[in-house]
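Have a look at the structure below before the remarks.
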Amino acid sequence: MRVVATDFPLNQPLLLTPTMSTSPIRVAITGAAGQIGYSLLFRIASGAMFGPDRPVILQLIEAPFEKAMKALEGVAMELDDCAFPLLKGIVMTDQPEIGFKDANWCLLVGAKPRGPGMERADLLKDNGKIFIGQGQIIDRVAADDARVAVVGNPANTNCMIAASQAKRLTPDRFTAMVRLDQNRAQTQLAKKAGADLTAVKNIFIYGNHSPTMFPAFAHATIGGQKATEAITDHVWLKGPFLETVGKRGAAIIAARGASSAASAANALVDHVRDLMTPGKIHSVAVKSNGLYGFDPEVWAGMPVRTTTPGAYEVVTGYEMCDFCREKIALTNKELVEERAAVVEMLKA
Ligand code: NAD
Ligand code: LMR
C-alpha cells in the first residue's frame, strides 16, 4: 500500500475563512498524473468546477507504479506552489479504497488512451476491468451523496460497467462525459454560421462518445433562429458537420500524437459544474431507461436538466425526425454491442 501524503487527514475539522461558508467537497480523481489530470486538477483547485466559495480536497489516485506515483508527487508540488486559497488538502494514493473514501465526486479519468488507428471501443478489454473494481470500491467507501463522472474510454460503457457493480449508489449517480462532443459541435456550428459561439444554443449529443454519436443539429438555435435556417447548407449539416464532430478525437490524435487533454479537462469542468447548477440543460451520458429509443441498459448521451445540485432529469420533449431516428439507432446498436462484449465481466 502506498499513501504518499495525506496533508489533510480524513475527518479532521477545517478552519475556513469567512467567505468560505461551506464544508470542503472531496473530489477523487483517478489518473491524476496523466495528461488530462495535469490540466484538470488546477482548474478544480482554482474553483472552476465547484465555484469560488467552495473549498476542495483533492484525493488523487494513480496506478500502483513507481513512475506514476513519482509523477503525482510532482503534480502535488505544483498544486502547493499555486497557493490556491480553496485547496484544503491533497491525498495521494495508489489505493482506491483510500482515494475514494468519503468522496463526494469521483472523476474516473485513469485509463489507457487510444493511439493512432484505434477506435475507442478497442480499449474496452483493457480499460473495462478497471471500472469493475472502481465501481465496487466507490459503492463501498464513497460519501452517501457520491456522484461519479467517467471520462476514461470507452466512457459510456465503462460507466455502465462501474454502475453495474454498485448496490448502494443508484444508476443515476453514474454519468459519462459527452460534453466535449457538445462543445465541439457548438464551435463547428458557430463557425459555419459566422456567429458568435454564445449564440449557439440547444445543441445536444445523443448516444455514444464515438464516431456514431449524434449531435442533433435540428434542435439547435443560432441567435434565436433554427440552426437549419441559419445554416442553409443541409448537406454540410448531415455530412461534414457530423463527421467532424464524431471524428474530432482522432483528428487531434493524428495532429498532436496524443489524445485531447486540455479540452477534455475543460469539458469535465463543464460537465460537473453544470450538474451542480440547477436549471442547466446539457448533454450527459446517463442510463437511458429506454428514452429516445435507446436500449434501457446502456448509458447514452442525451439532454438532461439539473434539478438540484448533482441530480437531474432527462429532457424528453425533443421530437426526432426519421434521419435523427436512424442516427440514434446506429449509435444505440454500437452501445448494445459494447455492452454485449463485456457482459460476462459484469457478473465476475
Ligand atoms: P494518460 O495516459 O496521459 O493518463 C492516464 C493516467 O491514468 C496515467 O497516469 C495512468 O498511470 C493512470 N491510470 C491507469 N490505470 C489506472 C488505474 N487503474 N487507477 C488510477 N490511475 C490509473 O491518458 P489521458 O490522456 O489523461 O486520458 C485518460 C483517458 O481519458 C483515456 O482513456 C482517454 O481515451 C480518455 N479521454 C476521454 C475523453 C472523453 O471525452 N470522454 C476525452 C479525452 C480522453
Ligand atoms: C476525444 O474525443 O478526444 C477522446 O475521446 C480521445 C479519443 O480517443 O478520441
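Is it fair to say residue 188 is assigned to a helix (DSSP H, G or I), open to solvent by 10 Å² or more (accessible area, probe 1.4 Å), within 25 Å of residue 215 (Cα to Cα) and more than 12 Å from ligand 1 (Cβ to nearest atom)?
yes
Among the residues of the range 115-137, is there at least one that is open to solvent by 40 Å² or more (accessible area, probe 1.4 Å), within 11 Å of ligand 1 (Cβ to nearest atom), of a type in the set (A, V, I, L, M, F, W, C) and part of a helix (DSSP H, G or I)?
yes
Being more than 16 Å from ligand 2 (Cβ to nearest atom), assigned by TED's automatic domain parsing to the domain that holds residue 327, free of Cβ contacts under 8 Å to residues at least 12 places away in the same chain and not hydrophobic (A, V, I, L, M, F, W, C) narrows it down to one of 198, 170, 221, so name that one.
Result: 198 is the single residue among 198, 170, 221 that is more than 16 Å from ligand 2 (Cβ to nearest atom), assigned by TED's automatic domain parsing to the domain that holds residue 327, free of Cβ contacts under 8 Å to residues at least 12 places away in the same chain and not hydrophobic (A, V, I, L, M, F, W, C).
Sort out for me the helices (runs of 4 or more DSSP H) sitting completely within the range 221-331 that have 1 or more residues that are in contact with a strand residue (DSSP E or B) (Cβ under 7 Å, 6 or more places away or on another chain) and either open to solvent by less than 30 Å² (accessible area, probe 1.4 Å) or within 15 Å of ligand 1 (Cβ to nearest atom) (or both).
227-230, 242-246, 262-275
When you look at residue 183, is it outside the structural domain of residue 340 (by TED's automatic domain parsing), open to solvent by less than 40 Å² (accessible area, probe 1.4 Å) and within 16 Å of ligand 2 (Cβ to nearest atom), yes or no?
Judged against the criteria, residue 183 is not a match.
Is it the case that the range 144-154 has a residue that's touching a residue at least 40 places away in the same chain (Cβ under 8 Å), part of a helix (DSSP H, G or I), in the same structural domain as residue 102 (by TED's automatic domain parsing) and within 15 Å of ligand 2 (Cβ to nearest atom)?
Within the range 144-154 (the criterion being touching a residue at least 40 places away in the same chain (Cβ under 8 Å), part of a helix (DSSP H, G or I), in the same structural domain as residue 102 (by TED's automatic domain parsing) and within 15 Å of ligand 2 (Cβ to nearest atom)), the answer is no, since none of the residues qualifies.
Could you tell me how many of the residues in the range 139-180 are within 14 Å of residue 96 (Cβ to Cβ), touching a helix residue (DSSP H, G or I) at 6+ places or on another chain (Cβ under 7 Å) and surrounded by 24 or more Cβ atoms within 10 Å (Cβ to Cβ)?
Selection size over the range 139-180: 3.
The values are calculated or read from the model by the stated rules, or taken from the named source; none is laboratory data. Only a predicted model underlies this, so the values are computations on that prediction, with no experimental measurement involved. We place every Cβ from the backbone using ideal geometry, glycine too, and count neighbours over all the protein chains shown. Just so you know, the surface numbers come from the protein's heavy atoms only, side chains and all, with ligands and any DNA or RNA stripped out. Shrake-Rupley method; radii C 1.70, N 1.55, O 1.52, S 1.80 Å.
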